[in-house]
Amino acid sequence: MNINATLIGQMIWFGLFILFVMKVVWPYFQRIIAERQKTIADGLAAAERGRTELAEAAKRAEAALAEARSRAQDIITSAEKRAAEMVDEAKGTAKAEGDRLVAGAKAEIAQEVARAREALREKVAELAVAGAEKILRREVDAKAHAQMLAGLKADLK
């Protein structure tokens, strides 16, 4: 192999080409590669933030769902309690109404009994007076019998 001027010239031009690439082209490629690495790193960081936010959102959603279930259970319990109270109130009202009706009926019965007794007393008094009148007509001493009948009438009342 002969080393001649062509080979030396090619080596010089190759060295100049390498120098040109290192000074001019290489920094441009380095900048593009650095930007690409930065973009990829930012994308990975954003993806990681997204995963973290997704996990947090899932936790918040689960907590909100649990709270909604708890509220729903509280509302159901409250509604059941109110329904029981309403039933108890209705029972109490019905019992009070029944007691009032029974009391009214008893009072009415007592009044009827009192009226019947009064009517019976009047009838007995009339009968006694009629009987006494007949006795007095037969008897000579009308005054003594009248006093006795008046005493009887007063005793009956």
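The values are calculated or read from the model by the stated rules, or taken from the named source; none is laboratory data. Keep in mind the model is a prediction, meaning the values are calculated, not measured. Because the Cβ atoms are built from the backbone with ideal geometry, glycine has one as well, and the counts that use them run over all protein chains shown. Please note that ligands, DNA and RNA were not included when accessible areas were found on the heavy atoms of the full protein model with its side chains. Shrake-Rupley method; radii C 1.70, N 1.55, O 1.52, S 1.80 Å.
With respect to the chain, whose longest principal axis is taken over its alpha-carbon atoms, helix 5-20 is tilted by about 30°. Does anyone have the angle between helix 142-156 and the longest principal axis of the chain? Alpha-carbon axes, 0 to 90°, nearest 10? Compared with the principal axis, the helix lies near 10 degrees. With 0.36 nm allotted per residue and the present C-alpha distance subtracted, the K91-F14 stretch has 16.8 nm of extension available. Comparing I32, I109, I76 in a Gaussian network model of the chain where C-alpha atoms under 10 Å apart are linked, the largest mean-square fluctuation is found at I32.
Compared with the dominant Cα axis of the chain, that is its longest principal axis, helix 26-138 is turned about 0°.
So what is the accessible area of the chain per residue, in Å², with the probe set to 1.4 Å?
Accessible area per residue, the chain: 89 Å².
The count of lysine pairs in the chain that are at least 8 places apart or cross chains, and whose C-alpha atoms lie under 19 Å apart, stands at 8.
Simple rule: put +1 on each Lys or Arg Cβ and -1 on each Asp or Glu Cβ in the chain, find the dipole, and look at W13, A154, I40; the Cα lying farthest toward the positive end is W13. Pairwise Cα distances in segment 1-140 exceed 21 Å in 81 percent of cases.
Hydrodynamic analysis of segment 28-83 uses the Kirkwood radius over alpha carbon pairs. Inserted into Stokes-Einstein at 25 °C and 0.890 mPa s, it gives a translational diffusion coefficient of 163 µm²/s.
What fraction, in whole percent, of alpha-carbon pairs in segment 46-109 exceed 12 Å separation? Percentage above 12 Å: 79. For the chain, modelled as a GNM whose springs connect Cα atoms under 10 angstrom apart, the maximal fluctuation among A79, A63, A34 occurs at A34.
Within the accessible area of the chain, the carbon and sulfur atoms contribute 64%, probe 1.4 Å, all protein chains present.
Computed from the Cβ-Cβ distance with R0 of 41 Å, the FRET efficiency linking V21 to A58 stands at 0.20.
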